[in-house]
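These notes are about the structure you will find just below.
Values quoted throughout were computed directly from the atomic coordinates according to the rules given, and no laboratory measurement underlies them. No experiment lies behind these values; they were computed from the predicted model shown. Cβ sites come from the backbone with ideal geometry, for glycine too, and all protein chains shown count toward neighbours.
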Amino acid sequence: MIPESGHFALVLALAVALVQSVLPILGARTGRALLMESARTTALLQMILVGIAFASLVRSFVVSDFTVRNVLENSHSLKPMIFKVAGSWGSHEGSLLLWTLILVVFGAGVALLGGNIPAALKARTLSVQAWISAGFLTFMLFTSNPFERVFPPPLDGQDLNPLLQDIGLAMHPPLLYFGYVGFSIVFSFAVAALIEGRVDPAWARWVRPWALAAWISLTAGIALGSWWAYYELGWGGWWFWDPVENVSFMPWLLGTALLHSAIVTEKRDTFKSWTILLAILTFSLSLLGTFIVRSGLLTSVHAFAVDPERGLYILGLLGVTIVGSLTLYAWRAPQLEPGGLFRPISREAGLLINNLLLATATATVLFGTLYPLFVEALADEKVSVGPPYFNTTFIPFMLPLVIMMGIGPFLSWKRADLPGVWQRLRWVLAIALGVGLVVWYLQTDGPLLAVISLAIAAWVFAASLREWALRIKMFDAPLPESLRRARNLPRAAHGMTLAHIGIAVLILGFVGSTAWKEERIIFAEPGTRVEIAGFEVVFEGIERVQGPNYIAQQGQLRVLKNGAELTWLRPERRSYPVAGSTTTESAIRTTLAGDLYVTIGEPAADKASGKWTVRILYEPFVTWIWIGAVMLILGGALSMSDRRLRVGVPKRARRGPAPQPAE
Amino acid sequence: MKRMVVALPALVALILGGFFLWGLNPDRDPNAVPTARIAKPVPEFDLPAVAGIETPGLSADNLRETGEPVLVNVFASWCVPCRAEHAVLTRFVEQDGIRLMGINYQDKPEDAADWLADLGNPYERIGSDLDGRVGVDWAISGVPETFVVDANGVVVFRYVGPIIAPEAQAEVRAALDAAKEPL
């Protein structure tokens, strides 16, 4: 009964979405307020109905209702409760339902919170949003019904992939989807603006919080995914340039460009056409990600079950959305009024370079991701594009970008004074060079790129701090004055500083863990000792451990430093009898200076009976990657909480200041 | 001009869409590994020896003049399963008198030399495939991978992954025996 009501709620939601696709935009065209206002009700109704559907699915998972095919295939009665719940978005159907839920939540968010948005723009935006949700609801109802029943019901479920039975991964898709789908609102705003034929600073300001919310979630989702790969896959890497990683990374890159270009539209009333294009492309790449993961188009470690019919439907959906919106763009963009002019050396120009670099970097990632498909289609050959391609094409765009990141905030709008910037940055440059030299001295055998990257990270770090210090006149004014200035500084400014410093921190993590990683692979028997990065690791043996739905062989490794016992590391190999598969659980000792990372492999064969393959890694500074990611998220959140985004929104119509009543 | 520029994104999207449509063909399996090189002569190649060790290098000519079936094993010091497989290969050579050739795939010569010094060197010849070019010619899908090449230099069998399990060892032995039978 519950699954049927969920299914029914989805059908109703589709009907409501279809109504919302037409009425508000019609109202905006003919100027009828009642029709425009209807979007408020329908958006809310859609959220409630899809919410009911999602709750029904979660309930079916919680009570382990194995008459529902989706539950049967993705759950098991012995599974811990949290993973039963997470199982509801572990499958293709369930994750699609979550996707749609987030879509309508964002729609309802605009309907309820967007009080300051003009009625016509809001109505058009919500209609566009309803087109997308109608598309996904039909996709789900026609090809991927999450509530399908099975008869006769089997006794127990078929388990969830044990690799996915992990709290980091359970939270990864929701965050990622929040990011992906959050950009749908920005897309709807862009399409609505194109239909209206008008983009102005006020538009950019209304869009900003939504773009920020999406960007924050996407950042968190990607960081969580990479953290999961790091500790769960057991390879000690945190980024593999896998197609599925790439498709989440591309909207992030372009979304970052969008955040910056929207600032120019907001502050200087220019870059309009470009901002609109970025808004469309960012969401298009999110859709592309959804498509690639579900269509089996590319080889990847984590894809859903392949179904050509679904792939075809979602490709059609993609075609209508992306080609449709880009055609609208081609038609309307030339009519957007050009904005303010600027000199080659100015904040605008700096942000233009930022955008060009980010867009080019996105294009190289896209090309590398799809290249195997191109080659197979044109030359009928199989190739795979791996990290070497991405590292050599991607990093050269990132380093200048990061250098620009240090300079950009010092440039003033319209026309910047280069000697003045030099005046303020020369000490920063000295610090960066100094850091580079010190690193070079300490690590003469490391790659040169690592030294350069760390110098650049130091550059961004110091430049961002310097800019912040100048703004609050730290050391130039008495402390109370500086504190007052810090309080009065817009939160967006604090947010920018924090996020830019976060990038410097990220680079430290990237460089440390790739360039100065140490690795030992040994055949260990009880008593085997290994030296790595100043630690002494002793393999004491293997113990069998019984888990809730697995049996594990747990390695016992004692870690010593300077002869004193530091800690024990206990990596595991788990076998899941129901799913019939094994996973590797790494054991990690995390410190800010670096991670000691241990995994055990198959018992070594033959002659070496009784010996185990043990892999020990030392990854310097790897934790800073996630600290940097948290700084990016906090920076975004600070910027989002800026009160300028909520109050004091500039009036859209360009008239003079409202007359003040005489006092 | 401007019109053409703004139409460009839509055009690119359409072209990509065409590729995707092609890619959705249900008969296409992106995970399939091409089964190249079976029942074909060994590809032309000539690899130098691994720097710093005595064992000579390996070329296609060497494989054509063996006079009996041999194993060609692709290995690397960075490959964990290779380490486990090494013991099996060594026993093949020492106890069963099987001839073993190696291709050291994308490996630093120093690392490879250390690895062989550490575990022993059962290989008759080892070619150093520094840039992985020859690995491509042999169409390997990963490391380790092992081929049986018959007396005439024709690849007759391929095993993907480490030869550790008894079944895998039996499979390789069977392929070697089959290759010995005169045609």
Proximal lysines to A:Lys267, defined as alpha-carbon separation beneath 28 angstrom and excluding residues fewer than eight positions away on the same chain: A:Lys122, A:Lys414, A:Lys473, A:Lys651, B:Lys2
Cα pair distances of the stretch B:103-183 binned at 5 Å [whole percent]: 3, 13, 19, 22, 21, 15, 5, 1, 0
Ellipticity estimate at 222 nm from DSSP helix runs (n ≥ 4, -39,500 (n - 2.57)) divided over chain A, nearest 500: -21500 deg cm²/dmol
Most to least packed among A:90-102, B:43-55 [average Cβ atoms within 10 Å]: A:90-102, B:43-55
Kyte-Doolittle mean at least 1.0, axial Cα span of 20 Å or more - DSSP H helices of chain B: B:2-23
For A:330-336, mean number of other protein chain Cβ atoms within 10 Å: 4
Estimated translational D of the stretch A:55-98 in µm²/s (Stokes, Kirkwood radius over Cα pairs; 25 °C; 0.890 mPa s): 250
GNM top mover of B:Trp115, B:Trp22, B:Trp78 - chain B, alpha-carbon springs below 10 Å: B:Trp22
Ordering of A:150-157, A:206-213 by burial proxy (mean other Cβ atoms within 10 Å per residue, highest first): A:206-213, A:150-157
Coordinate range along principal axes, alpha carbons of the stretch A:1-164, Å, largest first: 59, 27, 21
Size descriptor, Kirkwood hydrodynamic radius, that averages inverse alpha-carbon separations across the stretch A:166-397, Å: 18.6
Diffusion coefficient, µm² s⁻¹, Stokes-Einstein with Kirkwood Rh over alpha-carbon pairs of the protein assembly as shown at 25 °C and 0.890 mPa s: 82
GNM flexibility winner over chain B from B:Val72, B:Val160, B:Val136 (Cα, springs under 10 Å): B:Val136
Average beta-carbon neighbours from other chains, 10 Å sphere, peptide A:520-526: 2
Sequence of A:Ile551, A:Ile616, A:Ile503 once ranked by neighbouring C-beta atoms within 10 Å, starting from the fewest: A:Ile551, A:Ile503, A:Ile616
Debye log10 I(q)/I(0) for the stretch A:518-623, one point scatterer per Cα, at q = 0.11, 0.12, 0.21 Å⁻¹: -0.34, -0.41, -1.10
Calculated from backbone phi, Karplus (6.51, -1.76, 1.60) coupling profile of the stretch A:125-133 in Hz, x at Gly/Pro: 4, 5, 5, 4, 4, 5, 4, 5, 5
Per-peptide average of other Cβ atoms within 10 Å, ordering A:181-190, B:117-126 highest first: A:181-190, B:117-126
Ellipticity estimate at 222 nm from DSSP helix runs (n ≥ 4, -39,500 (n - 2.57)) divided over chain B, nearest 500: -13000 deg cm²/dmol
Test item: B:75-82 mean partner chain Cβ contacts at 10 Å: 2
Cβ-based charge dipole, the stretch A:1-164, positive-most Cα from A:Leu98, A:Leu112, A:Val11: A:Leu112
Given charges at beta-carbon only (K, R positive; D, E negative), |dipole| of the stretch A:518-623 in Debye: 180
Rounded D (µm²/s) - the stretch B:33-180, Kirkwood Rh over Cα pairs, Stokes-Einstein at 10 °C, 1.306 mPa s: 106
Cα coordinate range in the stretch A:190-248, projected on the principal axes (Å, largest first): 52, 20, 12
